[in-house]
Amino acid sequence: MNAVADPTRVARVVLSVQGLRALLYGFGAVLLGSVLAAQHLSAVAAGAIFTATLIGMAAGSVLIGRFGDAIGGRRLYMGLFVVLGAAGTVFALTTSLPLLIVAALTGTVSTDANESGPITTVEQAMLSTTPAIGRARIFGRYNAVA
């Protein structure tokens, strides 16, 4: 990803966002199956949504690895959160299986207590701008916060 002027500020922002994301993804992982069942979706439909989620996270990570530098880290990071908001809105407002699958394919929804898809890919690339002497400590904190 593109180098950023102040790696310390970037690290603070990424660690803060990662902490909030970990908290919310944890709640989401617990609630997602229950919500889908409450919406009277079958086990097969829920499985299709979970499969689309995993495919989306993998594909999103690959695409970001391939095209992320051309887009730019900060712009990509903000864009992924807009996509996350849109996907969350779809999950909140509809029971349409095709729409839920499309939202899951964005790669921003996670079935785990922590997302390990495209947002994590961008965050780790942004943290790599930390000077080498402090990089292990920053990644250690990143993983501890997650």
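In table form, for the structure just shown:
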| quantity | calculated |
| --- | --- |
| Dmax and Rg, reported as Rg then Dmax, of the chain (C-alpha, Å) | 16.1, 53 |
| Farthest positive-ward along the chain dipole, Cα basis, beta-carbon charges - from LEU84, PHE139, ALA38 | PHE139 |
| Exposure ranking of ASP69, ASP6 by accessible area [1.4 Å probe, largest first] | ASP69, ASP6 |
| Accessible-area order (highest first, 1.4 angstrom probe) of the listed residues ARG141, ARG21 | ARG141, ARG21 |
| FRET efficiency estimate (nearest 0.05) - Cβ-Cβ, ARG75 to ALA132, R0 41 angstrom | 0.95 |
| Simple spin-label estimate for ALA45 and VAL17 in nanometres, 7 Å along Cα-Cβ | 3.3 |
| Estimated inter-spin distance, LEU24 and ASP6, nm [label 7 Å along Cα→Cβ] | 2.4 |
| Long-range Cα-Cα pairs in the range 81-132 (distance over 19 Å), rounded percent | 35 |
| Formal net charge of residues neighbouring LEU80 (Cβ-Cβ distance under 13 Å; K, R +1; D, E -1) | +1 |
| The range 26-146 - percent of accessible surface contributed by carbon and sulfur, probe 1.4 Å | 70 |
| Gain on full stretching of the segment that runs from ALA37 to SER96 - 0.36 nm per residue minus C-alpha separation | 19.9 nm |
| Net charge of Cβ neighbours under 15 Å - reference GLN124; Lys, Arg +1; Asp, Glu -1 | +2 |
| Heavy-atom surface of the chain, accessible at 1.4 Å and reported per residue (Å²) | 54 |
| Size of electric dipole in the chain: Cβ of Lys, Arg +1 and of Asp, Glu -1, about Cα centre, debye, nearest 20 | 400 |
| Solvent-accessible surface ranking, highest first, for SER110, SER42 at 1.4 angstrom | SER42, SER110 |
| Acute angle (nearest 10 degrees) that the helix 43-71 long axis makes with the longest principal axis of the chain, alpha-carbon atoms | 30 |
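The values are calculated or read from the model by the stated rules, or taken from the named source; none is laboratory data. As the structure is a prediction and not an experimental result, all values here were calculated from the model. FYI the Cβ positions are ideal-geometry reconstructions off the backbone, even for glycines, and counts take in every protein chain you see. Areas reflect the complete protein model, heavy atoms only, side chains present, ligands, DNA and RNA absent. Shrake-Rupley method; radii C 1.70, N 1.55, O 1.52, S 1.80 Å.
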